[in-house]
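Visitor: My questions will all concern the structure given below.
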Amino acid sequence: MKSMLSHSFVLDCLEETGPDTFTHFEVLIDEHRRLEQEGCGQPSRLKQLVPTVGTFHTRLPLRQAFHAYNEKHRLTKRKHIQISFNEIRHILNLAQVIAMRYPEGSTERPPTFNEKEKLVEDLENDVDIIEGAIQEGQLKGPRMVTFDGDQTLYTDGSNFDSNPKLANYMYLLLHHGVSVAVVTAAGYEYNVEKYEFRLSGLLEYFKSKNLTKEECERFFIFGGECNYLLHLGHDFHLHPVNEKGRGGWMTATKHIPHSPANWNEDEVNALLDAAYTALEESVNDQNINGRTIRKKRSVGLVPNAGTSRISREALDESVLRCQAKLSQLNGGGRSNLPFCAFNGGSDAWVDIGNKRVAVEVLASYLGIDPYEILHIGDQFLNTGNDYAARAVCPCIWITSPEETTYILKTILNLAGIQYHLDNELEATAILAGRKSLDFEEMDRRKSVMQQMDVYTGEIKKG
Ligand code: IMP
Ligand code: MG
């Protein structure tokens, strides 16, 4: 996409050819979707151009998104700097959000370019309620939003304690009927306190907003990719969702071949053994200043305490080694377990399960179609752990919690949800610990926070 836009840039005619290039991509994507749906095996032109191209779960109004983005950032007015990868990523993200607001078959018509002023206005301002934007308590847009944790809700290795806008927008999603789940690789079995510590500010915010029981029931966290499912109770604490028996999430998802309900514990251990050996070899071969960790459903390579970072190259090499070794194991028919080998930015992990399975399980358990779910994450390279979700639901690729915040603002604005600056100021005050907070609870969570190793979940003594 970037190279196709470069020609226009060189010729100084992006103003005319930019929108046309995006229309061309819409045509290619439509053709790709049609051929995939027909299942005739004929590769689309897009597939031939980009062999790794995935599934498009919705149409993408790219031309419209380009116009809206260009209206704000004036890409076509630039004389020296080409449109960048990140800008194209933003335009794709915007197109995906617009597509979920105006799904195919909807009687509503998305604003056209001629009405672009309206769209830009909606995106920029704290809009008034758009007539008919909320239907039966459910906002128009995704029915569920799943969030990656690290680098999506909070910066890598830290926790949710200081992002009032994001907390407010997540609350507004819940309030308007959208289910919300944090789907994170970080897994601490069912040690509730450890997940609570990582989401401390968010849970405090929910408490201060006095969420109703129904709103609380729409909030989940899936730890260890898809291993440990917890939900928010009306006491504003997380609680494990029953796995087995009536209403158990595993029982209810047994029909999904890759559901944890169908995993064999011997296979789990064999896969972890192989991954552990591959990581140890990688540490030795590359002289990495790090250590390996083994948990019940994952193995990790993390930096030694107090040492410098492990380089991206060394982490990627470790991940690709694991992927190759474990695919061999799966290919050899000895195992058919879903797994995820990924570079987490400062560490590398092999988890049993992945975010694709998490989305499938949540969709089935909550009775939502996967294409109505939006997954937001930061790791969409083939060595990242959000990549797997692409196969089953629309995704948004962000690079920081600030970008996540902007995406939620866009979803809410497009849906016509009214919120006021006052809400944000109030949120800031709450998260700064000044207002209507349970200080004892805050202190308790803070003290756990200072003692916990985010990799292992171990509480340090002394
Ligand atoms: P995510 O971005 O929310 O999916 O979280 C990924 C990060 O969680 C990794 O980079 C690790 O730092 C951390 N983490 C903690 N425990 C685990 C685990 O058991 N498996 C994978 N990642 C873990
Ligand atoms: Mg992440």
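Visitor: Looking at (1) assigned to a helix (DSSP H, G or I); (2) surrounded by fewer than 22 Cβ atoms within 10 Å (Cβ to Cβ), which one does Arg309 not meet, given that it meets all the others?
Guide: (1)
Visitor: Can you tell me which residue in the range 333-352 is modelled with the highest pLDDT, limited to those that are more than 16 Å from ligand 1 (Cβ to nearest atom) and under 18 Å from Thr277 (Cα atoms)?
Guide: Going residue by residue through the range 333-352, those that are more than 16 Å from ligand 1 (Cβ to nearest atom) are 333-336.
This time we only want the ones that are under 18 Å from Thr277 (Cα atoms), so: 334-335.
On the way: Arg334: 62, Ser335: 68.
Among those residues, the one meeting the criterion is Ser335.
Visitor: Being in contact (Cβ under 8 Å) with a residue 40 or more places away in the chain, among the aliphatic types (A, V, I, L, M) and assigned to a helix (DSSP H, G or I) is the filter here; which residues of the range 247-287 pass it?
Guide: If the condition is that a residue be in contact (Cβ under 8 Å) with a residue 40 or more places away in the chain, among the aliphatic types (A, V, I, L, M) and assigned to a helix (DSSP H, G or I), then Ala252, Val268, Ala270, Leu271, Leu272, Ala274, Ala275, Ala278, Leu279 are the ones that fit.
Visitor: Separate question: Return yes when Ile398 is assigned by TED's automatic domain parsing to the domain that holds Tyr455, of a type outside the set (S, T, N, Q) and within 15 Å of ligand 1 (Cβ to nearest atom) and no when it is not. Write out each step before concluding.
Guide: Details: assigned by TED's automatic domain parsing to the domain that holds Tyr455: yes; of a type outside the set (S, T, N, Q): yes; within 15 Å of ligand 1 (Cβ to nearest atom): yes.
Considered against the rule, which asks whether it is assigned by TED's automatic domain parsing to the domain that holds Tyr455, of a type outside the set (S, T, N, Q) and within 15 Å of ligand 1 (Cβ to nearest atom), Ile398 comes out as yes.
Visitor: Just to check your reading of the model, which residue among Ala341, Ala388, Ala348 is in contact with a strand residue (DSSP E or B) (Cβ under 9 Å, 6 or more places away or on another chain), of a type in the set (A, V, I, L, M, F, W, C) and closer than 25 Å to Ala252 by Cα? Spell out the reasoning first.
Guide: Values: Ala341 fails: closer than 25 Å to Ala252 by Cα; Ala348 fails: closer than 25 Å to Ala252 by Cα.
Testing whether each residue is in contact with a strand residue (DSSP E or B) (Cβ under 9 Å, 6 or more places away or on another chain), of a type in the set (A, V, I, L, M, F, W, C) and closer than 25 Å to Ala252 by Cα leaves just Ala388.
Visitor: Right, something else. Test Glu225 against the criterion of being under 21 Å from Leu174 (Cα atoms), surrounded by 15 or more Cβ atoms within 10 Å (Cβ to Cβ), under 21 Å from the mean Cα position of the chain (by Cα) and assigned by TED's automatic domain parsing to the domain that holds Tyr188, and give yes or no. First the steps, then the outcome.
Guide: Numbers: under 21 Å from Leu174 (Cα atoms): no; surrounded by 15 or more Cβ atoms within 10 Å (Cβ to Cβ): yes; under 21 Å from the mean Cα position of the chain (by Cα): yes; assigned by TED's automatic domain parsing to the domain that holds Tyr188: yes.
No; evaluated as a whole, the condition is false for this residue.
Visitor: For residues that are within 10 Å of the chain's Cα centre (by Cα), β-branched (Val, Ile, Thr) and away from ligand 2 (no atom under 11 Å from the Cβ), tally how many sit in the range 383-399.
Guide: Residues that pass the stated criteria total 1.
Visitor: Do we find a residue being within 16 Å of ligand 2 (Cβ to nearest atom), farther than 29 Å from Leu301 by Cβ, outside the structural domain of Leu301 (by TED's automatic domain parsing) and touching a residue at least 40 places away in the same chain (Cβ under 8 Å) anywhere in the range 178-192?
Guide: No: the range 178-192 contains no residue that is within 16 Å of ligand 2 (Cβ to nearest atom), farther than 29 Å from Leu301 by Cβ, outside the structural domain of Leu301 (by TED's automatic domain parsing) and touching a residue at least 40 places away in the same chain (Cβ under 8 Å).
Visitor: From Ser179, Ser162, which residue is within 24 Å of Leu230 (Cα to Cα) and at pLDDT below 90? Explain how you work it out, then say what you get.
Guide: Values: Ser179 fails: at pLDDT below 90.
Testing whether each residue is within 24 Å of Leu230 (Cα to Cα) and at pLDDT below 90 leaves just Ser162.
Visitor: Sort through Leu139, Leu153 and tell me the only one that's touching a residue at least 12 places away in the same chain (Cβ under 8 Å) and either away from ligand 2 (no atom under 16 Å from the Cβ) or more than 14 Å from the chain's Cα centre (by Cα) (or both).
Guide: Numbers: Leu153 fails: either away from ligand 2 (no atom under 16 Å from the Cβ) or more than 14 Å from the chain's Cα centre (by Cα) (or both).
So the residue among Leu139, Leu153 that is touching a residue at least 12 places away in the same chain (Cβ under 8 Å) and either away from ligand 2 (no atom under 16 Å from the Cβ) or more than 14 Å from the chain's Cα centre (by Cα) (or both) is Leu139.
Visitor: Exactly one of these conditions fails for Ile376: (1) touching a Leu at 6+ places or on another chain (Cβ under 8 Å); (2) surrounded by 22 or more Cβ atoms within 10 Å (Cβ to Cβ). Give me its number.
Guide: Evaluating Ile376 over (1) touching a Leu at 6+ places or on another chain (Cβ under 8 Å); (2) surrounded by 22 or more Cβ atoms within 10 Å (Cβ to Cβ) leaves (1) as the failure.
Visitor: Among what's in the range 145-169 and is in contact with a Leu (Cβ under 8 Å, 6 or more places away or on another chain), within 19 Å of Gly457 (Cβ to Cβ) and not hydrophobic (A, V, I, L, M, F, W, C), pick the residue that is nearest to ligand 1 (Cβ to nearest atom). Spell out how you get there, then give the answer.
Guide: Initially, the range 145-169 is screened for residues in contact with a Leu (Cβ under 8 Å, 6 or more places away or on another chain), giving 145-147, 153, 159-164, 166-167, 169.
Okay, now just the ones that are also within 19 Å of Gly457 (Cβ to Cβ), so 153, 159-161.
Now narrow it down to the ones that are not hydrophobic (A, V, I, L, M, F, W, C): 159, 161.
Numbers: Asn159: 11, Asp161: 15 Å.
The selected residue is Asn159.
Visitor: Filter the range 35-81 down to the residues that are part of a loop (DSSP other than H, G, I, E, B), under 28 Å from the mean Cα position of the chain (by Cα) and touching a residue at least 12 places away in the same chain (Cβ under 8 Å) and list them by number.
Guide: Ser44, Thr52, Val53, Gly54, Thr55, Phe56, His57, Thr58, Arg59, Leu60, Pro61, listed by residue number.
Visitor: Do the conditions hold for Thr292, that is, is it within 13 Å of ligand 1 (Cβ to nearest atom) and of a type in the set (Ser, Thr, Tyr)?
Guide: Judged against the criteria, Thr292 is a match.
The values are calculated or read from the model by the stated rules, or taken from the named source; none is laboratory data. The shown structure was predicted, so the numbers you read here are calculated from the model rather than taken from an experiment. Note that each Cβ is placed from the backbone with ideal geometry, even for glycine, and that neighbours are counted across all protein chains shown.
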